[in-house]
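Student: Take this structure first; my questions come after.
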Amino acid sequence: MVKLSNTGAYLLNGTEVVECNGEEQAVLTAKTGSFVPKEEAAKNTIAYGILKDHNTSGNMEKLMIKFDKLTSHDITFVGIIQTARASGLQKFPIPYVLTNCHNSLCAVGGTINEDDHMFGLTCAKKYGGVYVPPHQAVIHQYAREMLAGGGKMILGSDSHTRYGALGTMAMGEGGPELVKQLLEQTYDINMPGVVGIYMTGEPMKGVGPQDVALAIIGAVFANGYVKNKVMEFVGPGVSSLSADFRIGVDVMTTETTCLSSIWRTDDKIKEFYDIHGRSEDYKELNPGSIAYYDGMVYVDLSKIKPMIAMPFHPSNTYTIEELKANLTDILHDVEKKALVSLDGKVDYKLTDKVRNGQLYVDQGIIAGCAGGGFENICDAADILKGRSIGADEFTLSVYPASTPIYMELARNGKLADLLATGAIVKTAFCGPCFGAGDTPANNAFSIRHSTRNFPNREGSKLQNGQISSVALMDARSIAATAANKGYLTAATDMDLEFTGPKYHFDKTIYENRVFDSKGVADPSVEIKFGPNIKDWPEMVALTDNIVLKVVSEIHDPVTTTDELIPSGETSSYRSNPLGLAEFALSRKDPAYVGRAKEVQAAEKEREAGRCPVEVLPEYGKVMETILKEFKDLKKEEVGIGSTIYAVKPGDGSAREQAASCQKVLGGWANIAKEYATKRYRSNLINWGMLPFIYEEEELPFTNGDYLFVPDIADAIKNKKTEIPAYVVKEDGLKPFTLKMGELTDDERDIILKGCLINYNRR
């Protein structure tokens with residue numbers, strides 16, 4: 001189904017691949033009459049051209065990108081605008097769309113969520129933005145329908161900001177990166193590698209975009225094949241896919257840990273823009289006649305089978321056929337992996353879902369930016385028409401991704417077909433994707449066409465003994481399972497006949513309900529602040545030397561942002577930095593917050609010119625040990641902070657709160673073997689936290705230890721990549737070395753100043 005090249009590769013005329021196996025020069029010369037070095041051919045990718053058009057540095061190795069548009073949802077836009085306001089924001093300099101698709105359940109947390117919405121509306125008026133009310137559209141569907149454009153770049157504060165199928169290079173980043181764009185600064189990265197996704201063939205009937213996406217994720221996630229690179233979809237197989245199908249694959253590229261994605265475009269994408277009344281935004285995009293890629297992923301669409309990603313990661317993939325043939329073994333393997341993911345805190349079982357040799361599912365969900373597309377829902381309705389989902393535990397909920405899609409489903413009869421089966425069709429909402437909608441019962445097993453199946457994404461609370469789990473599947477196989485009353489069924493196992501109705505986009509609902517300032521700011525508008533909307537607390541600059549207490553130690557192979565700051569109902573507090581911080585690591589290490597606060601109290605005493613030992617008595621012995629070797633050290637030049645260690649933190653969401661919650665609790669660093677994503681590392685930096693690396697398997701410290709890092713400010717100023725540090729033990733200081741990856745000049749200054757807000761107040 002999916003194969004990976006071991007080398008870089010050339011793509012000739014968009015149709016033929018030549019791998020770099022030592023003979024590429026002779027092969028290219030024979031086929032094209034000349035040889036183009038890979039450095040030159042790399043400039044012929046679609047990605048290179050778009051990045052060049054948006055780069056302001058004049059140096060394609062060190063990019064300084066300015067985006068065309070920005071987009072955020074109601075978990076992130078309050079914090080972003082509050083940060084920008086604190087930094088002097090007067091007006092949104094480029095189109096900025098504020099959607100309300102995450103905190104839409106306004107009964108959760110009292111008035112908190114709707115207060116955030118009113119904050120967003122008044123800010124859109126004051127600063128010249130666009131406000132999309134709750135239930136109208138999920139963030140990414142609105143962007144597809146109204147924002148995307150060929151050759152453009154969009155930055156969003158949601159990790160699934162991916163519009164590559166429409167010819168738009170889009171990136172999901174933490175809020176501070178959007179703040180930089182609002183302050184007319186740049187997005188600074190090294191030129192990323194570009195990996196070709198070479199598609200051939202066409203999908204068999206019943207195979208959908210999620211099946212293709214999961215097959216790719218399963219092949220490239222664990223080995224980091226596309227990590228922090230751009231995935232460029234090329235090859236003749238692309239033309240066999242509809243626009244909706246491509247969109248459904250594209251949005252899931254986030255789960256590979258790639259930086260962004262881009263696709264070649266054709267008449268099917270032109271038709272998408274025509275349907276949405278934006279023909280002028282279409283641009284034909286193709287790689288040059290000889291383009292070089294840093295790797296090549298071969299996807300034979302005709303061999304893709306219905307897939308399932310078992311708990312607790314989108315890369316834990318199997319074909320449904322394989323799962324059914326090896327049911328007991330695979331379920332036992334998932335249970336074994338869960339002991340790591342769930343720290344053994346609950347008795348997790350899946351084998352009890354086997355009934356008469358079949359896997360029984362409790363719930364099906366088709367939702368959001370991945371599953372809520374028009375074609376997904378129409379195909380699901382066709383599979384279910386005339387059937388019933390039954391009157392047992394199994395339930396089915398469908399969330400169209402926007403009101404225009406919902407309206408068309410009502411007009412063409414598919415809505416009625418779904419409702420007649422016992423399915424429930426709801427409004428546009430991202431809740432099922434992040435643990436705030438359709439939460440299953442304890443020990444229930446849910447199959448979802450959504451983006452993630454991390455622990456807690458379905459609403460589990462391990463500390464309360466509550467656990468359920470999610471597997472990812474395509475809408476078609478979810479519908480087939482629903483038609484089979486909850487027994488796992490691949491769509492290809494059914495007699496299928498798809499009607500394929502044409503989509504008609506009706507923009508009147510947006511014209512009637514969406515506030516669009518047309519880029520005109522109105523400074524006279526007063527922002528509405530609810531009682532939960534708080535300013536960021538003051539943050540101090542990095543001191544010359546630091547003492548760090550390790551307050552959490554996580555040895556999972558990967559730590560997701562959901563484990564650093566849980567999603568779900570905690571999102572109601574996203575606009576209250578201190579309130580939200582109370583939930584930090586709460587489902588992974590419930591003692592973390594208390595430990596961090598103890599250290600923070602000592603730092604507050606130091607900042608006030610008082611003795612930290614009064615609130616943290618153990619600090620006295622720590623300093624005694626340090627001063628035995630560093631006799632000239634001045635105590636006032638030593639800051640006190642906390643740090644966590646995790647093997648590979650930051651997979652998943654772009655939410656800056658995964659880092660900022662640590663910061664507002666006194667965190668000054670993370671230590672990791674590596675960082676799962678560029679965006680999490682950037683979040684740490686933008687909140688003034690040191691992104692340390694320690695690559696050795698055996699740690700020199702353990703949870704509760706104090707670390708001393710002398711002359712850290714000088715090390716950052718002088719661009720040192722190896723940082724001497726010490727573990728403070730009763731019998732003295734034990735030296736070890738931390739590493740610091742590449743930092744831009746601005747990033748170093750942000751860390752030295754203490755955070756992005758301080759940097760912009762300079």
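The values are calculated or read from the model by the stated rules, or taken from the named source; none is laboratory data. These numbers come from a predicted model, not from an experiment. Ideal geometry is used to build each Cβ from the backbone, glycine not excepted, and the neighbour counts take in all protein chains shown.
Student: Taking the conditions exactly as written (farther than 28 Å from Gln463 by Cα, polar (S, T, N, Q) and touching a residue at least 24 places away in the same chain (Cβ under 8 Å)), does Ser397 satisfy them or not?
Tutor: When the stated conditions are applied, Ser397 does not pass them.
Student: Here are Gly650, Gly620: which of them is assigned by TED's automatic domain parsing to the domain that holds Ala581, of a type in the set (Gly, Ala, Ser), at pLDDT below 95 and part of a helix (DSSP H, G or I)?
Tutor: Gly620
Student: Something else about it: Is it fair to say Pro287 is closer than 28 Å to Ile365 by Cβ, of a type outside the set (S, T, N, Q) and assigned to a loop (DSSP other than H, G, I, E, B)?
Tutor: In short, no.
Student: Being without any contact (Cβ under 8 Å) to a residue 40 or more places away in the chain, touching a strand residue (DSSP E or B) at 6+ places or on another chain (Cβ under 9 Å) and under 30 Å from Ile80 (Cβ atoms) is the requirement here; does Glu674 meet it?
Tutor: yes
Listed here are the residues, each with its yes/no results for (1) of a type in the set (Gly, Ala, Ser); (2) closer than 26 Å to Val514 by Cα.
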| site | (1), (2) |
| --- | --- |
| Ser388 | yes, no |
| Leu409 | no, yes |
| Leu419 | no, no |
| Phe429 | no, yes |
| Ala444 | yes, no |
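Student: Within the range 347-361, identify whether any single residue is within 20 Å of Gln141 (Cβ to Cβ) and either at pLDDT 95 or above or crowded, with 24+ Cβ neighbours inside 10 Å (or both), and answer yes or no.
Tutor: There is no residue in the range 347-361 that is within 20 Å of Gln141 (Cβ to Cβ) and either at pLDDT 95 or above or crowded, with 24+ Cβ neighbours inside 10 Å (or both).
Student: From the residues in the range 592-614 that are of a type in the set (A, V, I, L, M) and either closer than 26 Å to Leu564 by Cβ or part of a helix (DSSP H, G or I) (or both), which one is modelled with the lowest pLDDT?
Tutor: Val613
Student: Quick check: anything in the range 62-85 over 20 Å from Pro176 (Cβ atoms), touching a Gly at 6+ places or on another chain (Cβ under 9 Å), not acidic (Asp, Glu) and not assigned by TED's automatic domain parsing to the domain that holds Ser575?
Tutor: no
Student: Does Ile290 meet the test of being farther than 29 Å from Phe505 by Cα, among the hydrophobic types (A, V, I, L, M, F, W, C), assigned by TED's automatic domain parsing to the domain that holds Gly248 and surrounded by fewer than 23 Cβ atoms within 10 Å (Cβ to Cβ)?
Tutor: For Ile290, the condition - farther than 29 Å from Phe505 by Cα, among the hydrophobic types (A, V, I, L, M, F, W, C), assigned by TED's automatic domain parsing to the domain that holds Gly248 and surrounded by fewer than 23 Cβ atoms within 10 Å (Cβ to Cβ) - is met.
Student: Taking the residues in the range 248-282 that are hydroxyl-bearing (Ser, Thr, Tyr) and in a helix (DSSP H, G or I) as candidates, determine which candidate is surrounded by the fewest Cβ atoms within 10 Å (Cβ to Cβ).
Tutor: Once the filter is applied, the top-ranked residue is Ser279.
Student: Say we look at the range 503-536 and pick out the residues that are in a loop (DSSP other than H, G, I, E, B), within 17 Å of Glu408 (Cβ to Cβ) and of a type outside the set (Phe, Trp, Tyr); which of these is modelled with the lowest pLDDT?
Tutor: Here the residue is Lys507.
Student: Now a separate question. Among the residues of the range 204-213, is there at least one that is within 20 Å of Asn6 (Cβ to Cβ), modelled with pLDDT of 95 or more, of a type in the set (Lys, Arg) and not in a helix (DSSP H, G or I)?
Tutor: The answer is no, given that none of the residues of the range 204-213 is within 20 Å of Asn6 (Cβ to Cβ), modelled with pLDDT of 95 or more, of a type in the set (Lys, Arg) and not in a helix (DSSP H, G or I).
Student: With the requirement that a residue be farther than 29 Å from Gly620 by Cβ and touching a Ser or Thr at 6+ places or on another chain (Cβ under 7 Å), what does the range 688-740 give you?
Tutor: Across the range 688-740, the qualifying residues are Glu722, Lys739, Met740.
Student: Which numbered condition in (1) of a type in the set (A, V, I, L, M, F, W, C); (2) touching a residue at least 40 places away in the same chain (Cβ under 8 Å); (3) more than 27 Å from Ala213 (Cα to Cα) is the only one that Ala479 fails?
Tutor: (3)
Student: Just the residues that are over 20 Å from Asp749 (Cβ atoms) and of a type in the set (Gly, Ala, Ser), please, taken from the range 657-699.
Tutor: Matches in the range 657-699: Ala658, Gly666, Ala672, Ala676.
Student: Would you say Leu472 is touching a residue at least 60 places away in the same chain (Cβ under 8 Å) and under 29 Å from the mean Cα position of the chain (by Cα)?
Tutor: Here the answer is yes, as Leu472 does meet what is asked.
Student: Report yes if some residue within the range 743-757 is on the phi > 0 side of the Ramachandran plot, under 31 Å from the mean Cα position of the chain (by Cα) and not hydrophobic (A, V, I, L, M, F, W, C); otherwise report no.
Tutor: Yes, some residue in the range 743-757 is on the phi > 0 side of the Ramachandran plot, under 31 Å from the mean Cα position of the chain (by Cα) and not hydrophobic (A, V, I, L, M, F, W, C).
Student: Condition first: touching a residue at least 40 places away in the same chain (Cβ under 8 Å) and either polar (S, T, N, Q) or under 19 Å from Lys729 (Cβ atoms) (or both). Now tell me which residues in the range 629-649 satisfy that.
Tutor: If the condition is that a residue be touching a residue at least 40 places away in the same chain (Cβ under 8 Å) and either polar (S, T, N, Q) or under 19 Å from Lys729 (Cβ atoms) (or both), then Glu629, Phe630, Leu633, Val638, Ile640, Ser642, Thr643, Tyr645 are the ones that fit.
Student: Filter the strands (runs of 3 or more DSSP E) completely within the range 341-452 down to those with at least 1 residues that are closer than 25 Å to Phe221 by Cβ.
Tutor: Filter on the range 341-452 gives 363-366, 445-449.
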